[in-house]
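The values are calculated or read from the model by the stated rules, or taken from the named source; none is laboratory data. Predicted, not measured: the structure shown is a model, and the values here were computed from it. Backbone-built Cβ (ideal geometry, glycine too); neighbour counts: all protein chains shown.
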Amino acid sequence: MRRIDPFSPLSLMMAFFVGGVLLPLYPFLNQEDGFSQFWRFDFSDQLSAALQAVFGYGFAMLCFATAYLAVLGGRASLRAPTRIVSCLGFKSRRLPLSFYVIAGVATAGLLLTIHLQGGFEEVLVAASDRTRASAGMNFIILLQNSYLSVGLAWALMLTNRQKPASPKSILLFSIYFLASVAIIALQGAKATIFVYILALALVWHYRVRRFSTWKLLIFGVLLFVLLMIYHVIKQEYLVLGHFAFTAYGDTVVSAFLKFLFLQFTGNMMQLQTMAVLMDAMPKQMQFEYGQTLLMIFLIWIPSVWYPAKPLTAPGIFTMAFWPAAWLNEGTTLPPGFFGEMYMNFGWFGLLGGGLVAGFLYGCSYRAVRARADCDLTLGRHALFVSLLLHYFRGEVASVTVLFLTIYVPFWLTIKLSATRLRVTPAAS
């Protein structure tokens, strides 16, 4: 019997559907979730909107699964062909010059960021309010994502050959990994750290040892808790000088558990955001008809050069229903990928978005199942899949920017340093 791959895009998408749509239903209807406490909205019919959101996501998931499985073409098409294919991969374990060059670019971005923000202490403060502190410097700060590119390429290099990596090379990589995570943490973005760790876990999964479903679940819970610890340090201790989450309970443990619940339901809230859209559109907000998708291209233009640049989907969504959050705090609420598709094209957007996403992730998964020994193929897939949650709960433009700022330096590193290998595609 063929084992289910818990790291496949379809498995992850179904897990996100359960976590972001089904599990929040009861606390949302009882207004006990993080969304109801932090993002007040006056529904005309909350129950009806919630049920429509569940059905909408259900149809979107069906479209995703249909396109995904159609690309894979069933079990027969995944059998290994007899032909030899050519792909890029590392043959040597010696660190290539491109690693130093790309890491040097990232270091230059870090030093320039520290200089422009007024010193290291100001960088620590900026981590708690990155939207305003990073205004005008986003592309300089994003250069630091090249640290992730090198880390991903390095992990692929260490796992590519049959010969086990030496303890010294593993130690050097571990030091680099911890240092790069610490530097990326200065950005104040949990999303980037999450992508980095998950991408490396995917490399381990396909190259070294497979994660079982239960191990992946434990890994996900542990990663969430660690990121929340980072969050309270960044958002509370560095800003207030003490931890504010203790107000949620009588003891530190009970308060932290309540905090974790509110953070989970305040981040995995695709049911709630879709319910808002289905309740309010087009009465309170008109359809965008593709305008937010244009931000994939327009977002690269600095606002100084283009003052009239439109807002991204989170900005439009927040300004429509919670303008004070953006005007007073610089905070936005992402509608999620499918929420953005609904914002633009209604139900056609939901169904079409599911088909397009299923097709793209199906193509990526099929390629890596056939050529897991190819460093470029596996690295691209690991990065693409590690962003699946951010697409699901975020939006298109900003997540695509994150993908490209990591993938382009990674692609350059592989192109400049890897050699062309001839491999037989693996059986799936």
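Being buried (at least 18 other Cβ atoms within 10 Å of the Cβ), modelled with pLDDT under 85, touching a strand residue (DSSP E or B) at 6+ places or on another chain (Cβ under 8 Å) and closer than 22 Å to Ser417 by Cα, is that true of even one residue in segment 91-108? So far as segment 91-108 goes, no, none of its residues is buried (at least 18 other Cβ atoms within 10 Å of the Cβ), modelled with pLDDT under 85, touching a strand residue (DSSP E or B) at 6+ places or on another chain (Cβ under 8 Å) and closer than 22 Å to Ser417 by Cα. All told, Pro307 meets the bar of being more than 25 Å from Val21 (Cβ to Cβ), over 24 Å from the mean Cα position of the chain (by Cα) and not in a helix (DSSP H, G or I).
For segment 51-69, the set of residues classified as within 18 Å of Ser11 (Cα to Cα) and free of Cβ contacts under 8 Å to residues at least 60 places away in the same chain consists of Gly58 only.
Scanning segment 305-335 for residues that are of a type in the set (Ser, Thr, Tyr) and loosely packed, with under 14 Cβ neighbours inside 10 Å yields a single hit, Tyr306. Residue selection: Ala15 fails the criterion of being in a helix (DSSP H, G or I), over 30 Å from His205 (Cα atoms) and modelled with pLDDT of 90 or more. Of the listed requirements (1) under 19 Å from Val21 (Cα atoms); (2) surrounded by 18 or more Cβ atoms within 10 Å (Cβ to Cβ), Phe256 misses just one: (1). Candidates are the residues of segment 185-213 that are farther than 16 Å from Leu389 by Cβ and among the aliphatic types (A, V, I, L, M); the one that is surrounded by the most Cβ atoms within 10 Å (Cβ to Cβ) is Val203.
Quick check on Gly220: is it within 30 Å of Met341 (Cβ to Cβ) and modelled with pLDDT of 85 or more? Answer is yes for this residue.
Of the listed requirements (1) among the aliphatic types (A, V, I, L, M); (2) in a loop (DSSP other than H, G, I, E, B); (3) at pLDDT 90 or above, Ala427 misses just one: (3).
In segment 279-308, the residues that are touching a residue at least 40 places away in the same chain (Cβ under 8 Å) reach residues that are aliphatic (A, V, I, L, M) and part of a loop (DSSP other than H, G, I, E, B) with C-beta atoms within less than 9 angstrom, at least six apart or across chains, in these pairs: Phe287/Met281; Thr292/Leu311; Thr292/Val396; Leu293/Val396; Met295/Leu311; Met295/Val396; Ile296/Val396; Ser303/Ala135.
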